[in-house]
1. Residue by residue through region 1-54, note down the ones that are β-branched (V, I, T) and assigned to a strand (DSSP E or B).
2. Inspect all residues belonging to region 86-102 and state whether any of them is assigned to a helix (DSSP H, G or I) and either in contact with a Phe, Trp or Tyr (Cβ under 8 Å, 6 or more places away or on another chain) or at pLDDT below 80 (or both).
Amino acid sequence: DPQVIGRFVDVAATPDKVIVYCAGHVVARHQRSWARHAVITDPAHRDTAATMRRALAHDRDSRREAERRHLDGHPVTLRALPDYDALFGVDFTPTPSPGNSPDGPAEEASSS
């Protein structure tokens, strides 16, 4: 079942059949093939996977469009975050304070 793509499954195989479980439920069952490099695909699973890919593409395209338009429909410019840092004068570069050098705390000079 393509609904379990990306999830852990348990496979039980005998000399004549293969059963695949996910979360304790049977998600695939078929006769075992001993052919080298053979892929066994249930046509219904292939169709379901194709439907899921189309739905994912549609959802991705919808979100992409939604990110570029405001709810009222006017376009919104996408900007990189460093542009806002420059606009507001924000600098996240750490500067060591006088007492915290990379070599350890500064020792006070003694005046004798």
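1. Kept after step one, since they are β-branched (V, I, T), are these residues of region 1-54: 4-5, 9, 11, 14, 18-20, 26-27, 39-41, 48, 51.
The answer is V11, V18, I19, V20, V26, V27.
2. No.
A quick yes/no check of all residues on (1) in contact with a strand residue (DSSP E or B) (Cβ under 8 Å, 6 or more places away or on another chain); (2) touching a residue at least 24 places away in the same chain (Cβ under 8 Å):
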position: D42; (1), (2): yes, no
position: H45; (1), (2): yes, yes
position: A50; (1), (2): no, no
position: L56; (1), (2): no, no
position: R68; (1), (2): yes, no
position: L71; (1), (2): no, no
position: H74; (1), (2): no, no
position: L78; (1), (2): no, no
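The values are calculated or read from the model by the stated rules, or taken from the named source; none is laboratory data. Remember, it's a predicted structure, so these values are computed and weren't measured experimentally. Ideal geometry is used to build each Cβ from the backbone, glycine not excepted, and the neighbour counts take in all protein chains shown.
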